[in-house]
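K.L.:
Please see the structure below; I have some questions.
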Amino acid sequence: MSVVVVVGAQWGDEGKGKIVDLLTENAQVVVRWAGGANAGHTLVVDGKKYVTHLIPSGILRAGLTCVLGEGMVVDPAVLLEEIRTFRAHGFLAADEDLVIAERAHLTMPYHKEIDRLREEGPAGSSVKIGTTKRGIGPTYESKAARMGIRVGDLLRPHRFLELLARTLEEAGPTLERLGGVRPNAAQIADSYLAFGAELSPFIRDASRFVYDAIRAKKNVMFEGAQGVLLDVDHGTYPFVTSSSTTAGGACAACGIGPTSIDAVMGIAKAYATRVGAGPFPTELHDATGETLRKRGNEFGSTTGRPRRCGWLDLPALRLAIRLSGIGGLGLTKLDVLAGLPTVKLCTSYRVAGRTIDEMPLDADDLAGAEPVYEELPGWPEGEDVPPAAARFLERISVLAGIPIWATSVGPGRAQTVVARNPFDAA
């Protein structure tokens, strides 16, 4: 039995879905613990492309249970669309293949509208985070204010209607202040209670389900959404997500003790990307950056937005490793760098005349950081891991201080070189 946590070690979009899909060959339960429909994991199996937003990436493995944990925020309309899509492809054959935490919070239509109005409002009216406008932040705000509505409330119509009326007393004036209109309570109630009826076979105590699986000595994988550098407490605040994206967040969100975790694997690209606003020291504004974007297909699977691209940032990666206790890396998209004459690694920053080896805590310090680069020879296209690429990987491992457990050289399942399976490392 092993319990493995897989986290994104950058700003999200690291290719976690592909690695999780690959490793779930060894798992019986895959759990997602935080975030909502702002996530987008792209999977390519047998030449077919699948995208998940809420359901864990283990969905493509038969005989495996996918769990949406208590720390998530769930848009039931998006979730039902995913369920129907995957069932049409022959997945989720049984209701027991999916567990939705009854204590996860619901993303409501007014959460999405508040999110949109804030992001699209006049300049200076609020901080423009560059969110996906999926209502994630406002949903977590309602949760923290103890004004949220949870998945289990859908199964108790009288309670749902009471909670909806109460939350609209708060949301209505907020929407009007932002230039929107008050939502129609009756329409929301009708649609959401219908969602609840359709989702009812999957709704249960997810924390106890996961606990029982661990006690039964099953292999359990916790799948992160977004990346460690977007953690609400430890990321590049305020340009972060609204939940805990570190490995420790899996324990807190799902009610699992930290002593249950056997191994933590971090996923990073061979370069770096970021979506939305926020400081990004190694960002490339030249032809090389555009080459990475095009070759890596760096466009958000949730929004379609082009991602900002830059060289791999070791100070940022070291911070992610420390915050999540990462024991080994999965490095993705090594193939995107093939054909470049040289490649670079940011090994440290210069900040206010000082050289530092880890990302600074303050966003202004990070915005003013000057990256210090190490340049290495490139390698030709056509080989999975030619000698120069192997030296590049070895240098990353040395600078990060941990081994590389897996290297992805293409989108397909077979295009991954696994040096060590985290279930074996646990």
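K.L.:
Can you give me the distance in nm between label points at Val398 and Val181, each placed 7 Å from the Cα along the Cα-to-Cβ direction?
P.N.:
6.4
K.L.:
Rounded to the nearest 500, what is the chain's calculated 222 nm mean residue ellipticity when only DSSP H runs of at least 4 contribute -39500 (n - 2.57) each, over all residues?
P.N.:
One gets -10000 deg cm²/dmol as the mean residue ellipticity at 222 nm.
K.L.:
For the pairs Lys112/Lys333; Lys112/Lys294; Lys49/Lys294; Lys48/Lys112; Lys16/Lys333, note any where the Cα-Cα span goes beyond 23 Å.
P.N.:
Lys112/Lys333; Lys112/Lys294; Lys48/Lys112
K.L.:
Could you give the Stokes-Einstein D for the range 1-99 in µm² per second, using the C-alpha Kirkwood radius, 37 °C, 0.692 mPa s?
P.N.:
Answer, rounded: 240 µm²/s.
K.L.:
Quick one: 3J(HN,Hα) in Hz for the range 320-334, Karplus 6.51/-1.76/1.60 with θ = phi - 60°, rounded, Gly and Pro as x.
P.N.:
Result, ordered by residue: 4, 4, 5, 5, 10, x, 5, x, x, 9, x, 9, 10, 6, 4 Hz.
K.L.:
Arg413 label point, 7 Å along Cα→Cβ, cut-off 20 Å on backbone N: hits in the range 84-98?
P.N.:
Only 85-94, 97-98 pass the distance filter.
K.L.:
Might you report the magnitude of the Cβ-based charge dipole of the range 333-426 about its Cα centre, with Lys and Arg at +1 and Asp and Glu at -1, to the nearest 20 debye?
P.N.:
220
K.L.:
Given a 1.4 angstrom probe, I'd like the percentage of the accessible area of the chain that is carbon and sulfur, rounded to a whole number.
P.N.:
50
K.L.:
Given the C-alpha centroids of the range 22-41 and the range 393-424, what is the distance between them in whole angstrom?
P.N.:
The distance from the Cα centre of the range 22-41 to that of the range 393-424 comes to 19 Å.
K.L.:
Order these peptides, 188-198, 210-220, by their mean beta-carbon neighbour count within 10 angstrom, highest first.
P.N.:
210-220, 188-198
K.L.:
Mind listing the long-range amide H neighbours of Gly227? Cut-off is under 5 Å, sequence gap 5 or more, other chains count too, H placed in the peptide plane at 1.01 Å from N.
P.N.:
Hits under the 5 Å cutoff: Gly12.
K.L.:
Which whole-Hz ³J(HN,Hα) couplings does the range 256-266 yield from phi under the Karplus relation 6.51 cos²θ - 1.76 cosθ + 1.60, θ = phi - 60°, glycine and proline marked x?
P.N.:
Values, residue by residue: 10, x, x, 5, 7, 7, 9, 8, 10, 10, x Hz.
K.L.:
May I ask you to derive the relative contact order of the chain, considering only C-alpha pairs under 8 Å and at least 6 residues apart, and to give it as an integer percent?
P.N.:
It comes to 21 percent, rounded to a whole number.
K.L.:
Moving on to the next point. How many Å² of accessible area per residue for the chain, probe 1.4 Å?
P.N.:
41
K.L.:
Continuing with the same structure: Among 365-377, 38-50, what's the highest-first ranking by average C-beta atoms within 10 angstrom per residue?
P.N.:
Top to bottom by mean Cβ count within 10 Å: 38-50, 365-377.
K.L.:
Where Lys and Arg each count +1 and Asp and Glu each count -1, what net charge lies around Gly63 among other residues with Cβ under 12 Å from its Cβ?
P.N.:
-1
K.L.:
Only four residue types carry charge here, +1 at the Cβ of Lys and Arg and -1 at the Cβ of Asp and Glu. Report the dipole size of the chain about the Cα centre in Debye, rounded to the nearest 20.
P.N.:
320
K.L.:
Can you give me the Cα centroid spacing of the range 184-202 and the range 356-370 in angstrom?
P.N.:
46
K.L.:
Okay, next question. Work through the residues other than Ser191 whose Cβ is under 14 Å from its Cβ and net out their charges, Lys, Arg +1 and Asp, Glu -1.
P.N.:
-3
K.L.:
Please compute the net charge surrounding Thr291, taking Lys and Arg as +1 and Asp and Glu as -1 over other residues with Cβ under 15 Å from its Cβ.
P.N.:
+2
K.L.:
Per-residue HN-Hα couplings for the range 376-392, Karplus 6.51 cos²θ - 1.76 cosθ + 1.60 at θ = phi - 60°, whole Hz, x for Gly and Pro?
P.N.:
10, x, x, 9, x, 6, x, 10, 5, 9, x, x, 5, 5, 4, 5, 4
K.L.:
Among Pro201, Phe280, Gly249, whose Cα projects farthest towards the positive end of the dipole of the range 174-292, with charges put on the beta-carbon of Lys, Arg (+1) and Asp, Glu (-1)?
P.N.:
Final value for the positive-end residue is Pro201.
The values are calculated or read from the model by the stated rules, or taken from the named source; none is laboratory data. This one's a predicted model, so the numbers in the text were calculated from it and none came from an experiment. Using ideal geometry, Cβ is built from the backbone for each residue, glycine included, and neighbour counts are taken over all protein chains shown. Accessible surface is based on the protein model in full, side chains and every heavy atom, while ligands, DNA and RNA are left aside. Shrake-Rupley method; radii C 1.70, N 1.55, O 1.52, S 1.80 Å.
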